[in-house]
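Dumping the structure here so I can ask a few things about it.
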Amino acid sequence: MRPNHNVLAVTAIAFAVAALGLAPASAAPALDCSGWWYPDHAEDVRGLKAMVHPDKVYTTLWRGMQNTGGIRTEHFWASIDGNTTRQDGVWIDVSNNQRDWEQCGPFYAGGNGQPVATRAVRFAHWTWVRGCSIVRGSIACTSWQHT
C-alpha cells in the first residue's frame, strides 16, 4: 500500500500549526460586548485599515473619539459595506499580544447591499485591535493596529 502524500502533507501542516499556536481568524473566544456603544456618535472618525474582497465588499477598521463629561476617549470598531449579502458579517478582535485575542461579533448585514458595523471598543484593557469579516464564506482580517 502506497502512502497518500496529500494526507501526510495535511497532517504535517496541522501539527505545525498546533505546535506554533496559530489559529484561524475566527477561532477566538467570544467577548461580551453588548455594553459597548454603537459608533454613530463618534467624533474625529478616521479609517485606519481597509481591505477589499473580490466581491466588492469593503472591510474597514475605524478609530473615533467620544467626548463624555469633558473627557475624550479613543474607540475602535470595524465595518463592512458595498456588495454585501445577509451571510456577510464583521467582527473586531482585541488583544494584548496579537497571539491570543477575544472577538466581539460577528454582526451580519441585514440585507443585500446593507452596511454593518461592530460595537465600538474603548481601549482601556487591550492594546491591539483588528477588523475581520466573513464575505461569501471567506474570512479575512486587517493587520493588527496598535492603540
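Provide the gained length on full extension for the span GLU74 to ASP55, in nm with one decimal, where the gain is 0.36 nm per separating residue minus the Cα-Cα distance. Don't skip to the end; give the middle numbers.
Details: separation 19, 0.36 × 19 = 6.84 nm, distance 3.15 nm.
Using 0.36 nm per residue and subtracting the Cα-Cα distance, I get 3.7 nm.
Can you give the percent of C-alpha pairs in region 69-147 whose distance is more than 18 Å? Display every interim value, and only then the final one.
On the way: 1255 of 3081 pairs.
That fraction is 41 percent.
Still on this structure, I have one more. Dipole of region 25-146 (Lys/Arg Cβ +1, Asp/Glu Cβ -1, origin at the Cα centre): which of THR68, CYS33, VAL116 lies farthest to the positive side?
So the residue we want is VAL116.
I've got another one for you. Using a 7 Å offset from Cα along Cα-Cβ at HIS146, what residues in region 114-133 end up with backbone N under 19 Å from the label point?
123-131
Let me know the charge dipole size of region 25-146 about its Cα centre in debye, to the nearest 20, where only the beta-carbon of Lys, Arg (+1) and Asp, Glu (-1) is charged.
Here the size comes out at about 180 debye.
Every number here is computed from the coordinates shown, using simple stated rules; none is lab data. Here the structure is a predicted model, which is why all the values come from computation and not from measurement. Don't worry about glycine lacking a Cβ; one is built from the backbone with ideal geometry, like all the others, and counts go over all protein chains shown.
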